[in-house]
Amino acid sequence: MATEEISTGPSELLSNLGSKEEEISKNIGQVESKVDDLTLDEPQGDDVARGSDDVARGAIRLAADSALLISFRLLSSTAPSAADSGRRQPPVARMAAKELLSLRICRKKKEPPQQSDPPSIPVVELFATGEFPEGEIQQYKDENSKEVFHKLCCSNLWRTTSEEKRELERLEKPIYNSVRQAAEVHRQVRKYIRQIVKPGILMTDLCETLENTVRKLISENGLQAGIAFPTGCSLNWVAAHWTPNTGDNTVLQYDDVMKLDFGTHIDGHIVDCAFTVAFNPMFNPLLEASREATNMGIKEAGIDVRLCDVGAAIQEVMESYEVEINGKVFQVKSIRNLNGHSIGRYQIHAGKSVPIVKGGEQTKMEEGEFYAIETFGSTGKGYVREDLECSHYMKNFDVGHIPLRLPRAKQLLATINKNFSTLAFCRRYLDRVGETKYLMALKNLCDAGIVQPYPPLCDVKGSYVSQFEHTILLRPTCKEVVSRGDDY
Ligand SMILES: [Co+2]
């Protein structure tokens, strides 16, 4: 097109530029080095638009500078020969655009910002777009029936493509993103903890390292972002709800079986996810049993699926495992009075239980629900009871205002409301926010029904329990295993 051509001849332009040629080539050099700088700063990928505002603005400025200077360079370098041969000049704008494009394409591929070792960089800084990775996607199970009619009316296959269901998900996107951020923190923290957990470590040190890493990576901010519940690190026959109280001297042993159960949250959207650590390979089948049972529970879960059917499927997998411990063979048992659970906002147990044995409730899972699918395999009785000193507490979710006469209990409740609200906490967490000599006041709050204690849950002494747990979302179009990692 004519408008793309420049009417002025190249030699005229060049003479207009005159002695500025040298300055221009110097500027081109500067621009090129700026491009290199930009490449180093850019957060992720090749698309400038995905970068932070500053980088994007810088890139736009740079693009404008580059276009101008490259135009000059093209003129300077092509003018004499083109003029000599009498050919028409190539449209400068087009040439400049081409050059600019090649500059962008040739730009060094940017390394995304890396997590430090030990991890200390908030995950928000590692995902500059603010979008956190989706968990594992599973399609809802087709019904067992092979009949065409049954498939059409009862299966969930239609959900995948339903425009209505997709629209529902678009509305939920900010919530999904919050829980995905919490899940990314969980993955990074557990990866680090697996590196440092060794026989000989003081349990308190392990917990504090884990919790402080969560605090950094999640950019802890009051009740808006942080730890969702105390770090469970229950050992051996203790299945759940044990964490050291201040002053505890328990040291992790080579022959221990430790369940690491910790939670993260963004705006009350909780990730509840756990795994088991054992150093002695003798325990591997015990760990595998609960890992695979949990995976089966996840596979079975779905909209309109009866909770009892999930429990039955879990038990079948769990109890197909045997483990030989010091020469004695045990069939792994599902612990019949432990469950997975639905999760609500700032509510770790939102009312529905996911059994891990057959014969449970016929209540159905529903669209939009969040679940913690967790299973416990045991070499003991497969039944737990409360034992040992209590460390875990939580305010009852639906307790209204209860007038308190005792000033100390009143003041402790204010501390709990401010720091934990309805999220679970432990004695160590009260210590670190400056509470002292609070045990009597805490007991008053428990007696008043405002706070509930959650003592350790134990199978028989001498037995071993393993646990794996994931948080899943029953999205309108698919299941998302939000806490899935490359480890489990
Ligand atoms: Co749980």
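In table form, for the structure just shown:
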quantity	calculated
Dipole magnitude of segment 369-488 about its Cα centre (Cβ charges: Lys, Arg +1; Asp, Glu -1), debye to nearest 20	600
Net charge over other residues, Cβ less than 14 angstrom from the Cβ of LEU404 (K, R count +1; D, E count -1)	+4
Prolate/oblate/rounded label for segment 345-419 (Cα gyration tensor, a/c 1.5)	oblate
Distance from segment 290-357 to segment 416-463 (C-alpha centre basis), Å	27
³J(HN,Hα) computed for each position of segment 323-331 - Karplus, 6.51 cos²θ - 1.76 cosθ + 1.60, integer Hz, glycine/proline x	9, 9, 10, 6, x, 10, 8, 10, 7
Per residue value of the accessible surface for segment 421-475 (all protein chains in place, 1.4 Å probe), Å²	36
Whole-number percent relative contact order across segment 376-430, with pairs defined as alpha carbons under 8 Å at least 6 apart	53
Environment charge at GLY222 (Cβ cut-off 15 Å; Lys +1, Arg +1, Asp -1, Glu -1)	+1
Nearest-0.05 FRET efficiency for ARG166 and LYS141, computed from C-beta distance (R0 30 Å)	0.90
Positive minus negative residues near LEU423 (Lys, Arg vs Asp, Glu; Cβ under 13 Å)	0
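The values are calculated or read from the model by the stated rules, or taken from the named source; none is laboratory data. Remember, it's a predicted structure, so these values are computed and weren't measured experimentally. FYI the Cβ positions are ideal-geometry reconstructions off the backbone, even for glycines, and counts take in every protein chain you see. These accessible areas exclude ligands, DNA and RNA; they are computed on the full protein's heavy atoms, side chains included. Shrake-Rupley method; radii C 1.70, N 1.55, O 1.52, S 1.80 Å.
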